[in-house]
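These notes are about the structure you will find just below.
The values are calculated or read from the model by the stated rules, or taken from the named source; none is laboratory data. None of the values given here were measured: they were computed from a predicted structure. Here Cβ is always computed from backbone atoms with ideal geometry, including for glycine, and neighbour counts include all displayed protein chains.
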Amino acid sequence: MTSTNVAADVFAAAFSAEPTGFALGPGRANLIGEHTDYNLGFVLPFAIDRSAVAAFRPRADRQIRLATDFAPGVISSDLDHLDGASGWAAYPLGVAWALGEFGADLSQVNGFDLALHSDVPVGAGLSSSAAIESATALALDSMWGLGLDRRTLARVGQRAENVVVGAPTGIMDQSASLLGEADSAVFLDCRSLESSAIPLGLDAAGLEILVIDTRVSHAHATGGYATRRAQCEEGARLLGADSLRDVGVADLDRAKALLTDVVYRRVRHVVTENQRVLDTVEALRTSGPTGIGALLDASHVSMRDDFEISVPELDLAVETAVAAGALGARMTGGGFGGSAIALVPVDDAAQVQAAITEAFQRAGFTTPVQFEVRAVAGARLL
């Protein structure tokens, strides 16, 4: 059964009616560029073939009803009470609220019924939240006839997550979900929001991207992520920069003299990670995906040692993948759990997965969930 059929069944069971439309929002994996987005730097994510599907139907009144197959019951609200949402409903209700911040006249639109189904793992660092936000944004843009472009819808999703959900995330996740293209990564400048598609060429090179979901769940609305963001902002302020985007590798000696050790290491990660994104884009353009493995490895070391957002399970996944034949590997997502990705020759994929499973068993860790992801087109109406 397709995700669309599942969403339709959830809708029918909850609302005793048929949906009039469907919108799909893919999750994302980040090839490289971690914690650079809210520092207005560069990122290189891609939309993945795991997605959220929203089945929707406009109403004649101002009521909103929400349902999903990952939580029981129907949640009821209305267009006059979009603030104060909590739990999973904060994501679609937050998007409705944020559309009002970007030009939608919420006093003149009708309510809606919406049912969600998602196969993006929650807490795995694959942006299950952005998948929901993107699907909801496209659904409401369609029902309300707003005609907003995808970059604006990405800002809507980010605004919903920052204000209503309370997670201080950057714009990478929503941009990847909305702007993705098949077999390509989205090279995004998080200051100008200019983006371009960078072909990955994985099939031609005989490579795949393996996700290793450690099943150590994270939550961006809790402390570690917000603390890192505050440390980055402190570093930029003390260096006299508007953001760490304006700090380069050549500035690191000065930064070391001015900053505490912890803040300096946070700054060093962001500055060098921005450079790694640029180097990865150049490598993909000139030599293809076989030339980026060392950059992925260096990114993980920086996140482990300078940004301190890894966990033992992520480190083990990365180290084991590379030892078993991966060209490179790194944790992906906000950190403190979630997933790692590994760039693996197709012919070696089975042995890499087996080695990781065995290593986790020896360490006494929960068995990870491993699967290939492919870069796909971004969010769309179905």
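Is it the case that Thr290 is part of a helix (DSSP H, G or I), closer than 18 Å to Ala124 by Cα and not aliphatic (A, V, I, L, M)? No, not satisfied. Any residue in the stretch 112-128 that is of a type in the set (Gly, Ala, Ser), out of contact with any Ser or Thr (no Cβ under 7 Å at 6 or more places or on another chain) and modelled with pLDDT of 95 or more? No. Against the test of being within 26 Å of Ile212 (Cβ to Cβ), of a type in the set (Gly, Ala, Ser) and modelled with pLDDT of 95 or more, the options Ala154, Ala185, Ala167 yield a single qualifying residue, Ala185. For the stretch 128-155, the set of residues classified as part of a loop (DSSP other than H, G, I, E, B) and either outside the structural domain of Pro58 (by TED's automatic domain parsing) or among the aliphatic types (A, V, I, L, M) (or both) consists of Leu146, Leu148, listed by residue number. For the structure I just gave you, tell me whether Ala115 is assigned to a helix (DSSP H, G or I) and either crowded, with 23+ Cβ neighbours inside 10 Å or in contact with a strand residue (DSSP E or B) (Cβ under 6 Å, 6 or more places away or on another chain) (or both). Spelling it out, it is not the case that Ala115 is assigned to a helix (DSSP H, G or I) and either crowded, with 23+ Cβ neighbours inside 10 Å or in contact with a strand residue (DSSP E or B) (Cβ under 6 Å, 6 or more places away or on another chain) (or both). Kindly check whether there is at least one residue in the stretch 254-269 that is buried (at least 23 other Cβ atoms within 10 Å of the Cβ), within 20 Å of Gly328 (Cβ to Cβ) and not assigned by TED's automatic domain parsing to the domain that holds Val164. Among the residues of the stretch 254-269, at least one is buried (at least 23 other Cβ atoms within 10 Å of the Cβ), within 20 Å of Gly328 (Cβ to Cβ) and not assigned by TED's automatic domain parsing to the domain that holds Val164, which makes the answer yes.
Checking each residue in the stretch 342-366 for being in contact with a helix residue (DSSP H, G or I) (Cβ under 8 Å, 6 or more places away or on another chain), surrounded by fewer than 20 Cβ atoms within 10 Å (Cβ to Cβ) and under 26 Å from Phe46 (Cβ atoms) picks out only Ala355. Does Val271 count as more than 30 Å from Ala205 (Cβ to Cβ) and not hydroxyl-bearing (Ser, Thr, Tyr)? Judged against the criteria, Val271 is not a match.
No other residue among Ala250, Ala255 is out of contact with any Pro (no Cβ under 6 Å at 6 or more places or on another chain), in contact (Cβ under 8 Å) with a residue 12 or more places away in the chain and among the small types (Gly, Ala, Ser) apart from Ala255. Selection of the stretch 103-127 for residues being charged (D, E, K, R) and either in contact (Cβ under 8 Å) with a residue 40 or more places away in the chain or assigned by TED's automatic domain parsing to the domain that holds Gly334 (or both) yields Asp113, Asp119. Pairs are defined by a Cβ separation below 6 Å, a sequence spacing of at least 6 or placement on different chains, a first member in the stretch 72-101 that is closer than 21 Å to Gly145 by Cβ, and a second member that is hydrophobic (A, V, I, L, M, F, W, C) and surrounded by fewer than 19 Cβ atoms within 10 Å (Cβ to Cβ); the pairs so defined are Leu79/Leu106; Gly100/Leu106. Report the residue count in the stretch 54-97 for those that are on the phi < 0 side of the Ramachandran plot and assigned to a loop (DSSP other than H, G, I, E, B). Qualifying residue count for the region: 13.
Within the stretch 19-32, identify whether any single residue is part of a strand (DSSP E or B), charged (D, E, K, R), in the same structural domain as Ala130 (by TED's automatic domain parsing) and over 13 Å from the mean Cα position of the chain (by Cα), and answer yes or no. No; the residues of the stretch 19-32 include none that is part of a strand (DSSP E or B), charged (D, E, K, R), in the same structural domain as Ala130 (by TED's automatic domain parsing) and over 13 Å from the mean Cα position of the chain (by Cα). Just one of the listed residues (Leu278, Leu316) is touching a residue at least 12 places away in the same chain (Cβ under 8 Å) and closer than 18 Å to Ala185 by Cβ, namely Leu278.
Screening the stretch 198-214 for residues that are in a strand (DSSP E or B) and aliphatic (A, V, I, L, M) and picking the one that is surrounded by the fewest Cβ atoms within 10 Å (Cβ to Cβ) gives Ile198.
Look at (1) over 14 Å from the mean Cα position of the chain (by Cα); (2) closer than 20 Å to Ala23 by Cβ; (3) of a type in the set (Gly, Ala, Ser) and you find that Ser177 fails only one, number (1).
On inspection, Leu40 passes the criterion of being under 30 Å from Leu244 (Cβ atoms), buried (at least 18 other Cβ atoms within 10 Å of the Cβ) and in contact with a Cys (Cβ under 6 Å, 6 or more places away or on another chain).
When the stretch 308-348 is filtered for residues that are assigned to a helix (DSSP H, G or I) and at pLDDT below 95, nothing remains.
If I ask for residues that are closer than 18 Å to Leu44 by Cβ, surrounded by fewer than 19 Cβ atoms within 10 Å (Cβ to Cβ) and of a type outside the set (Asp, Glu), which ones from the stretch 151-188 would you list? Hits for the stretch 151-188 are Arg151, Ala182.
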